[in-house]
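A.B. asks: Below is the structure I would like to discuss, written out as structure tokens.
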Amino acid sequence: MNFVFVCPESEETKLTVERRCKAPARAINRTGRYSADVIEWKDFVSNSIDAQNLLEKSDFIIIHRGLWSSILPRIQHWKARDKNIIADFVDAYQLMDEDELADFHDLETNSSLTAFQYSNGSPPLLSQFKWTLQSTNGATTPSQRLCDDWNAYSRTTVLPDYLDMERLSLITPAVHDGINVGWRGTVRQLQALKKGGVMMALEAACQMRHNIRVLFSLDHPEAVGSLNLPAGQFEITSWNQISWHQILGKIDIGIAPMIGNAGQRATHSPILEFMALQIPWIASQGPTVYDLHSFGWIAENTPEGWLKAIIEMADHIPDFRAESAVGPYLFAMGKSLEENIQNVVDTYVRLAGSHSTRPIHPVSVETGGSLLVAS
């Protein structure tokens, strides 16, 4: 079987492209039983020659994000040629207002000249997303709640963000003073942390324990504005993959606030990363972490609940590190891509199974010619 992943190329989408497309493509190719390539969204929409050559050989086309009306003609083109089209998305678009949806449209299409140009006279973006989803054979998301939200529009199933242990194994702990509390997210999510009381808890923790430092990895550090954290007790860096991996080596306590309805539809892959690196973690209460409650600290969604968790963990960090090296670590090892790549393949096959008119057949592995190198 031959898989082609279609991905946006903007800086803000690189993390999910790595998790949902590039890393799975590398793992699929390593099986020796299947092949996978990764192409850019704009090349799929414009039907470039190189993209055509790869797509002609494909059995499955997985479109990650960018599921707007500009892509519909290409979906119909390839469905008419008996290709299985799978949508993949990670964000709760239905909870966004039009301005936020417009921002997501722009970053997912990278404001490409070939992209559908959104204007006031155009169909609402949420309607465009629904039309595109309905045109696919099925959809995957990392969240059960997102699946439940969209099952009326397409056959939707959970496909977890499995861990790329080959990359994570390169991260080594960095020697440092004090206790580093680390989080990776967007400036929008940072605003949610402020509303949800997590920032208040971090501010209080830094004032109570001068050895605590807060490490933020953000999409737009320049847009953060002022924070009420004590000078010298926080650090803000860019959220690209290299910077985040460097920060992971310095984190003593990982936090995964999942604030509001959108937060409760987020992937729990950051928690799995902490567990794989034997980093104790704290997360918000909610259905997203129900199956992980025995591996970390689930905080009440109040400033007091978060403050108690941070202080308790910082004051007894050796004990929490020792616990993290056993059960949580072993659980995370079972969520590696290498161990679960057949589940990834089987998920795509199951979604397309009731729609496909062509028998699935094995093909020789040919990985050359991809427009984005899956490495």
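A.B. asks: Out of V181, V214, report the one residue that is farther than 30 Å from G353 by Cβ and in contact (Cβ under 8 Å) with a residue 40 or more places away in the chain.
C.D. replies: On inspection, the qualifying residue turns out to be V181.
A.B. asks: Got at least one residue in the range 33-56 being out of contact with any strand residue (DSSP E or B) (no Cβ under 7 Å at 6 or more places or on another chain), within 23 Å of A266 (Cβ to Cβ) and of a type in the set (A, V, I, L, M)?
C.D. replies: No, there is no match, as no residue in the range 33-56 is out of contact with any strand residue (DSSP E or B) (no Cβ under 7 Å at 6 or more places or on another chain), within 23 Å of A266 (Cβ to Cβ) and of a type in the set (A, V, I, L, M).
A.B. asks: If T186 passes every condition in (1) more than 25 Å from L107 (Cα to Cα); (2) in contact with an Asp or Glu (Cβ under 8 Å, 6 or more places away or on another chain) but one, which one does it miss?
C.D. replies: Evaluating T186 over (1) more than 25 Å from L107 (Cα to Cα); (2) in contact with an Asp or Glu (Cβ under 8 Å, 6 or more places away or on another chain) leaves (1) as the failure.
A.B. asks: While we're here: Just for helices (runs of 4 or more DSSP H) wholly inside the range 268-331: which have at least 3 residues that are in contact with a strand residue (DSSP E or B) (Cβ under 8 Å, 6 or more places away or on another chain) and under 15 Å from V198 (Cβ atoms)?
C.D. replies: 303-315
A.B. asks: Any chance you could count how many residues in the range 211-255 are outside any loop (DSSP other than H, G, I, E, B) and of a type outside the set (V, I, T)?
C.D. replies: 18
A.B. asks: Could I ask something else about it? Looking at the range 321-339, which of the residues that are under 21 Å from S284 (Cβ atoms) and in contact (Cβ under 8 Å) with a residue 60 or more places away in the chain is surrounded by the fewest Cβ atoms within 10 Å (Cβ to Cβ)? Break it down stepwise before answering.
C.D. replies: Of all residues in the range 321-339, those under 21 Å from S284 (Cβ atoms) come to 323-324, 327-328, 331-332, 335.
Going one step further and asking which of them are in contact (Cβ under 8 Å) with a residue 60 or more places away in the chain, we end up with 332, 335.
Values: A332: 23, K335: 19.
Only one residue tops the list, namely K335.
A.B. asks: Can you work out which of the residues in the range 162-190 that are touching a strand residue (DSSP E or B) at 6+ places or on another chain (Cβ under 8 Å) and assigned to a helix (DSSP H, G or I) is modelled with the highest pLDDT?
C.D. replies: M165
A.B. asks: One residue is enough: does the range 183-190 have a residue meeting the conditions surrounded by fewer than 17 Cβ atoms within 10 Å (Cβ to Cβ) and closer than 26 Å to R26 by Cα?
C.D. replies: no
A.B. asks: Hey, can you tell me all the residues within the range 206-234 that are farther than 22 Å from P270 by Cα and either among the aromatic types (F, W, Y) or touching a helix residue (DSSP H, G or I) at 6+ places or on another chain (Cβ under 8 Å) (or both)?
C.D. replies: If the condition is that a residue be farther than 22 Å from P270 by Cα and either among the aromatic types (F, W, Y) or touching a helix residue (DSSP H, G or I) at 6+ places or on another chain (Cβ under 8 Å) (or both), then M208, R209, N211, A223, L227, N228, L229, P230, Q233 are the ones that fit.
A.B. asks: When residues of the range 190-205 are filtered for being closer than 22 Å to S269 by Cα and in contact with an Asp or Glu (Cβ under 9 Å, 6 or more places away or on another chain), how many remain?
C.D. replies: Of the residues in that region, 0 qualify.
A.B. asks: Would you check if H220 is under 19 Å from the mean Cα position of the chain (by Cα) and crowded, with 16+ Cβ neighbours inside 10 Å?
C.D. replies: Spelling it out, it is not the case that H220 is under 19 Å from the mean Cα position of the chain (by Cα) and crowded, with 16+ Cβ neighbours inside 10 Å.
A.B. asks: T141 is checked against (1) surrounded by fewer than 17 Cβ atoms within 10 Å (Cβ to Cβ); (2) in contact (Cβ under 8 Å) with a residue 24 or more places away in the chain; (3) in contact with a Cys (Cβ under 7 Å, 6 or more places away or on another chain) and fails just one. What number does that condition carry?
C.D. replies: T141 satisfies all of (1) surrounded by fewer than 17 Cβ atoms within 10 Å (Cβ to Cβ); (2) in contact (Cβ under 8 Å) with a residue 24 or more places away in the chain; (3) in contact with a Cys (Cβ under 7 Å, 6 or more places away or on another chain) except (1).
A.B. asks: Given the conditions (1) within 20 Å of L248 (Cα to Cα); (2) hydrophobic (A, V, I, L, M, F, W, C); (3) assigned to a loop (DSSP other than H, G, I, E, B), and given that A152 satisfies all but one, which numbered condition is not satisfied?
C.D. replies: (1)
A.B. asks: OK, next. I'd like to know if the range 259-278 contains one or more residues that are over 24 Å from A23 (Cβ atoms), crowded, with 21+ Cβ neighbours inside 10 Å and of a type outside the set (V, I, T).
C.D. replies: Scanning the range 259-278 turns up no residue that is over 24 Å from A23 (Cβ atoms), crowded, with 21+ Cβ neighbours inside 10 Å and of a type outside the set (V, I, T).
A.B. asks: Next up: Scan M258, M275 and give me the residue that is modelled with pLDDT under 95 and under 18 Å from the mean Cα position of the chain (by Cα).
C.D. replies: M258
A.B. asks: Out of the residues in the range 278-290 meeting the condition of being polar (S, T, N, Q) and within 18 Å of the chain's Cα centre (by Cα), tell me which one is farthest from A314 (Cα to Cα).
C.D. replies: Out of the qualifying residues, it is T288.
The values are calculated or read from the model by the stated rules, or taken from the named source; none is laboratory data. A quick note: this is a predicted structure, and the numbers were derived from the prediction, not measured. All Cβ positions, even for glycine, are placed from backbone atoms using ideal geometry, and neighbour counts span all protein chains on display.
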